[in-house]
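The values are calculated or read from the model by the stated rules, or taken from the named source; none is laboratory data. Fair warning: this is a prediction, and the values are worked out from it, not measured in the lab. Heads up, the Cβs are rebuilt from the backbone with ideal geometry, glycines too, and the neighbour counts pull from every protein chain shown.
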Amino acid sequence: MATPTSIRPPIAPPEWSPAENEAARRMTVVWVATGGVLLAGLALVGLLLRLIQSTGVLSDHWFYALLTLHGAGMVAVTLMALAMTVWALLRNELPLRNSVSVIMYALTLLSGVLVIVATLAGKFGTGWTFLYPLPEHPGPIAGWNTGWTYLYLIAVALLALAFAVWGFEILHAGIKRFGNPGRMFGLDIVTGRTKPGDPNTTNPTIIAAGVMAVEGIATVIPGAVVIILMIISNADPSVKFPALVIKELIYFSGHMLVNFDIYLGAAIAYAVLPVYAKRAWPAAKTLIVAWWVIGVLIILPYWHHLYMDFAQPAGLDIIGQAASYASALPSVVVTIFGAVLIVYRSGIRWSPAPLFIFAGFAGWTIGGTGALIDATPALNEYLHNTLWVPGHFHTYMALGAVMFLLGGVYHATPLLTGRPLSERIGSIGARFILVGGWIVVGTFFTSGALSIPRRYAYVPIPRFADAATVGLAGACIAGVGVVLIAGDLLRVYVPSMRSAPPPTPAPVVAAAEDLGQ
């Protein structure tokens with residue numbers, strides 16, 4: 001009979017056959033190469049957007065189509081690339097099936113293709129949030145055929161499905177490995193009910209991935225509802241739905257997906273940073289409880305996006321503001337301060353992997369602070385729909401989540417390919433990206449503080465064009481770093497798609513017990 005602490009017998013860590021390892025390695029290499037090319041291309045689209053805003057070189061139709069491609073593409077590719085990096089880091093501890101990785105890749109790739117076709121061929125230009133009723137009522141200026149709306153909505157649905165599949169597999173493998181959900185999520189450690197011989201989740205990456213898996217599956221439900229409603233409305237415009245309800249559903253799912261990016265980045269940091277600092281980062285009670293709290297609080301802050309919707313009940317606005325502030329506490333206290341303590345006086349060598357990881361923490365902290373400022377109603381009154389919003393968003397994503405991703409890729413590349421990425425190119429590329437990136441977000445924040453509106457293709461007034469020009473210069477500087485690193489990724493990864501790497505002694509993740517305390 002099953003006991004309360006053992007739903008099914010736990011299993012040992014997976015022992016993969018050489019053929020299974022090679023299949024997984026090749027699939028991961030394909031993921032990294034595809035993600036690298038797409039992210040580099042989408043970053044250059046962002047540069048083109050600043051060029052349009054500073055010079056008006058392309059029409060409004062193209063600006064909004066490219067804006068939609070850039071926003072939706074960066075969120076989608078970054079999310080799934082981070083998810084698969086976590087997958088690769090956990091594969092030696094959890095029995096994750098390579099066939100599921102192939103399914104996720106197919107869903108993600110198809111989603112990306114549909115977004116590219118809808119925006120570049122159909123000039124679909126709602127922005128990545130596709131707020132109702134704009135997709136089916138584009139108006140005379142935007143003027144896209146509503147048939148392209150179907151492609152975009154299907155693309156969004158495929159992305160959500162891909163991440164839900166990742167979540168189901170993480171939970172399936174975790175429960176199979178540890179015997180029950182309680183041990184997977186560290187309940188036995190928190191309650192002090194660990195038993196000799198029972199496997200415990202001492203790896204914080206597993207805790208973080210498990211929480212994101214649950215949240216990802218939960219996100220699919222409202223996301224599916226809003227996609228179905230908008231497809232119905234697109235097919236028959238006479239069918240009307242409450243605009244605020246649709247906006248609630250979109251922002252709930254969209255805000256969750258964007259937050260997954262940064263929290264998956266934290267999961268990568270747990271695995272990567274201790275290897276270079278040569279110190280353990282175990283799943284202590286405080287860390288486990290902090291992730292449980294994050295799992296609850298991440299659901300609520302999206303209401304801070306709806307302060308200006310007068311029909312929104314005031315109580316929900318209060319919850320949104322309180323949750324926005326509260327959700328920062330476990331992240332700062334446990335993960336960001338924890339990272340500082342891990343490297344303090346460790347003698348760490350700042351090669352590209354830990355450099356990018358720590359740059360990600362800086363982007364997370366500063367971008368998150370920008371979000372909290374905007375989440376304050378008295379300030380949101382002035383900052384709402386100004387360039388302050390893309391300021392905090394780009395800091396959070398481009399200088400936060402993408403930096404975590406690059407740190408994970410630089411760390412894992414030797415095992416995946418048998419050859420490392422160039423440290424020299426990585427260090428130079430990082431400097432270009434960080435200097436240029438901070439110029440870009442600095443112009444966004446400054447412009448927002450000056451009440452310059454967001455999502456304007458071109459405004460022929462000096463302060464708007466001047467800010468866009470400075471931002472364009474920063475984007476060009478960052479673009480040099482993007483091209484350098486993307487070129488190095490292709491140099492290393494393309495040959496690895498065709499042949500297995502030579503043996504390498506470097507592990508992707510060092511066990512906690514092998515690291516000095």
Answer residue from the stretch 151-174, given it is buried (at least 21 other Cβ atoms within 10 Å of the Cβ) and of a type in the set (Phe, Trp, Tyr) and is nearest to Val117 (Cα to Cα) among those
Tyr152
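Is it the case that the stretch 200-216 has a residue that's under 19 Å from His305 (Cβ atoms) and assigned to a helix (DSSP H, G or I)? Working first, answer last.
Our first condition is that a residue be under 19 Å from His305 (Cβ atoms); within the stretch 200-216, this holds for 215.
Still in the running and assigned to a helix (DSSP H, G or I): 215.
The answer is yes, given that some residue of the stretch 200-216 is under 19 Å from His305 (Cβ atoms) and assigned to a helix (DSSP H, G or I).
So that you can scan it fast, the table gives a plain yes or no per residue for (1) within 23 Å of Ala40 (Cβ to Cβ); (2) modelled with pLDDT of 95 or more; (3) part of a helix (DSSP H, G or I):
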position: Leu372; (1), (2), (3): no, no, yes
position: Ala378; (1), (2), (3): no, no, yes
position: Tyr382; (1), (2), (3): no, no, yes
position: Phe393; (1), (2), (3): yes, no, yes
position: Phe404; (1), (2), (3): yes, yes, yes
position: Pro414; (1), (2), (3): yes, no, yes
position: Leu421; (1), (2), (3): yes, no, no
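Filtering the stretch 298-317 down to residues that are aromatic (Phe, Trp, Tyr) and surrounded by 15 or more Cβ atoms within 10 Å (Cβ to Cβ), which residue is farthest from the chain's Cα centre (by Cα)? Write out each step before concluding.
Initially, the stretch 298-317 is screened for residues aromatic (Phe, Trp, Tyr), giving 302-303, 307, 310.
Narrowing further to those that are surrounded by 15 or more Cβ atoms within 10 Å (Cβ to Cβ): 302-303, 307.
Details: Tyr302: 16, Trp303: 20, Tyr307: 25 Å.
If we take residues in the stretch 298-317 being aromatic (Phe, Trp, Tyr) and surrounded by 15 or more Cβ atoms within 10 Å (Cβ to Cβ), then Tyr307 is farthest from the chain's Cα centre (by Cα).
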Mind listing just one residue for me: the one in the stretch 445-470 that is under 23 Å from the mean Cα position of the chain (by Cα) and within 11 Å of Gln53 (Cβ to Cβ) and, of those, surrounded by the fewest Cβ atoms within 10 Å (Cβ to Cβ)?
Arg455
Looking only at the stretch 233-246, filter to residues that are surrounded by 12 or more Cβ atoms within 10 Å (Cβ to Cβ) and free of Cβ contacts under 8 Å to residues at least 40 places away in the same chain; which one of those is farthest from the chain's Cα centre (by Cα)?
Ala235
Of the listed residues (Thr108, Thr119), the one being of a type in the set (Val, Ile, Thr), surrounded by 19 or more Cβ atoms within 10 Å (Cβ to Cβ), touching a residue at least 24 places away in the same chain (Cβ under 8 Å) and touching a Ser or Thr at 6+ places or on another chain (Cβ under 6 Å) is Thr119
Identity of the residue in the stretch 332-359, of a type in the set (Ser, Thr, Tyr) and not in a helix (DSSP H, G or I), that ends up nearest to the chain's Cα centre (by Cα):
Ser351
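Quickly run through the stretch 219-264 and pick out the residues that are of a type in the set (D, E, K, R) and assigned to a helix (DSSP H, G or I). Step through it out loud before you land on a result.
Start the filter on the stretch 219-264 by keeping residues that are of a type in the set (D, E, K, R), which leaves 236, 240, 247-248, 261.
Listed by number, the residues that qualify are Lys247, Glu248, Asp261.
Being in contact (Cβ under 8 Å) with a residue 12 or more places away in the chain, in a loop (DSSP other than H, G, I, E, B), under 23 Å from Arg183 (Cβ atoms) and of a type outside the set (Gly, Ala, Ser) is the requirement here; does Trp281 meet it?
yes
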